[in-house]
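Since the structure comes first, as structure tokens, the remarks are kept for the end.
The values are calculated or read from the model by the stated rules, or taken from the named source; none is laboratory data. Treat the numbers as computed from the prediction; the structure is a model and nothing was measured. Neighbour counts run over all protein chains shown; Cβ positions are idealised from the backbone, glycine included. Each accessible area value is taken on the protein alone, full model and side chains, heavy atoms only, with ligands, DNA and RNA left out. Shrake-Rupley method; radii C 1.70, N 1.55, O 1.52, S 1.80 Å.
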Amino acid sequence: MNARAIALKILNEVENNGAYANIALAKEINRQTLQGHLSEQDRRFITELIYGTVKTGATLDWMLSCYLSRPLAKVAPVIRNILRLGMYQLFYLKKVPASAACNQAVELTKKYGHAGTVKFVNGVLRNAARSPEKIVYPDREQQPVKYLALRYFHPEWLIARWVKRLGAAACEELCQANNTVPPLSVRTNTIKIDRDSLLLRLAGEGAVCQASNWTPEGIVCYEHPGFATLTSLQEGLFQVQDESSMLVAHVLDPQPGEFIIDACGAPGGKTTHIAALMNNTGQVLSTDIYEHKLALTRENAERLALTNIETKALDAVNLGTMYPRKADRVLVDAPCSGLGVLRRKPDARWRKSEDILRDLPALQAAILASAAQCVKPGGVLVYSTCTTEPAENQDIVTAFLQANPEFIPETTGQYLPAAKRSDTMIQLWPHTDNVDGFFIARMIRQK
């Protein structure tokens, strides 16, 4: 299979079977790489095709509608995906000749359609290549929400929220940041290796990396081979984790020998970081409602040689009755809308609806209230999410503090390991901080 055929296969999995783009892409690329079927150039091209086509989703469909005489919904799913791949190459991959985009789409259609379908695909894409002026965006001043939604590939309901909260200019900057391909960041497993030594090791394996400015263990990789080929990963020398996510364990500030609970802890990125900061001493209890996710935590802990982690399947809203005032520190990395990590999950923006922002806060508040009961007097409680919505962040913490006066907020920004801030609660943004959108608040139970 050539690169475009592999991309179509992955896109069909996403479109027809509900697969997550990043997972389906990694699975197929690893399979092809291990079989020796993919060059590095192919891997990069497939990644660009999948992330780009999925990310531009609704905008591509709107663009296609400018050249169709029938609704796109009436086109067979596989043919829709061939058209989307073709349109993405025509309008967003300037290095791909229009002739190549059209011809390869026709070749793919021959495998999945008939003579009439081939003619249809060829006609649509060549018309688009010849007449790009048929695509006319809404007026930026008169219809700012619709303009930004189509121009920057985000659902209108989300754009409307951000424009109201941030203003159109900042919303545009945020959308632009969400549309970039972020570098991969990894956390050094300090139980096995120091960061400088890992940087040398990764360079020897063909990765282009530099030390993170946010955390002492963080490394940012701008280029790297397929991860399935890296022995440093297999040997447990690092854990893949975003820089903003690495900040959470530092804000929690775990100490050797303590008993710490990581509620909603799977698949274990923060759990293993906490365990490493404790020098593999004490006990970290990582809980989650799903046993299969906890299995990933255990796999990560074993690979990283961390022996101070215990996992337990339970509903976090019941934590308080099971471990009342038992923990020195508790982390609640709550389930959330994930609107801070859209740049890493190209299909996530299209899978979410505004309903999730009405439903989640009640669950988040219940988990925080229960987990707080586990904190000893003088102990620390940290609440974090990978979203940017006040209803899931500041509002949750403020309401909790009002209802639980025995907890007082601390200056969370002073616990950041590098660039300290004076903020009581930390909200990071992709467009201003160049990391995933993340929220962190640290509180202490008074003695």
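Pairing residues of region 308-319 that are in contact (Cβ under 8 Å) with a residue 40 or more places away in the chain and surrounded by 14 or more Cβ atoms within 10 Å (Cβ to Cβ) with residues that are basic (Lys, Arg) and assigned to a helix (DSSP H, G or I), at Cβ distances under 7 Å and at least 6 apart in sequence or on separate chains, gives Thr311/Arg298. Scanning region 172-209 for residues that are among the hydrophobic types (A, V, I, L, M, F, W, C) and farther than 22 Å from Thr53 by Cα gives Val186, Ile191, Ile193, Leu198, Leu199, Leu200, Leu202, Ala203, Ala207, Val208, Cys209.
Condition (residue is in contact (Cβ under 8 Å) with a residue 40 or more places away in the chain, open to solvent by less than 10 Å² (accessible area, probe 1.4 Å) and touching a Pro at 6+ places or on another chain (Cβ under 7 Å)) applied to region 391-398: is it met by at least one residue? The answer is yes; a qualifying residue exists. Ser99: within 20 Å of Pro155 (Cα to Cα) and among the small types (Gly, Ala, Ser), yes or no? For Ser99, the condition - within 20 Å of Pro155 (Cα to Cα) and among the small types (Gly, Ala, Ser) - is not met.
Being among the small types (Gly, Ala, Ser), assigned to a helix (DSSP H, G or I) and touching a residue at least 60 places away in the same chain (Cβ under 8 Å) is a property that holds for Ala371. Among residues of region 412-447 being of a type in the set (S, T, N, Q) and assigned to a loop (DSSP other than H, G, I, E, B), the one that is farthest from Arg329 (Cα to Cα) is Asn434.
The single condition among (1) crowded, with 16+ Cβ neighbours inside 10 Å; (2) in contact with a helix residue (DSSP H, G or I) (Cβ under 8 Å, 6 or more places away or on another chain) that Ala207 does not satisfy is (2).
Exactly one residue out of Thr281, Thr311, Thr287 is in a loop (DSSP other than H, G, I, E, B), of a type outside the set (A, V, I, L, M, F, W, C) and more than 30 Å from Asn16 (Cβ to Cβ): that is Thr281.
Selection of region 162-196 for residues being open to solvent by 30 Å² or more (accessible area, probe 1.4 Å) and of a type in the set (Lys, Arg) yields Lys164, Arg165, Lys192, Arg195. Which one of these is among the small types (Gly, Ala, Ser), without any contact (Cβ under 8 Å) to a residue 60 or more places away in the chain, crowded, with 17+ Cβ neighbours inside 10 Å and in a helix (DSSP H, G or I): Ala129, Ala100? Exactly one residue qualifies, and that residue is Ala129.
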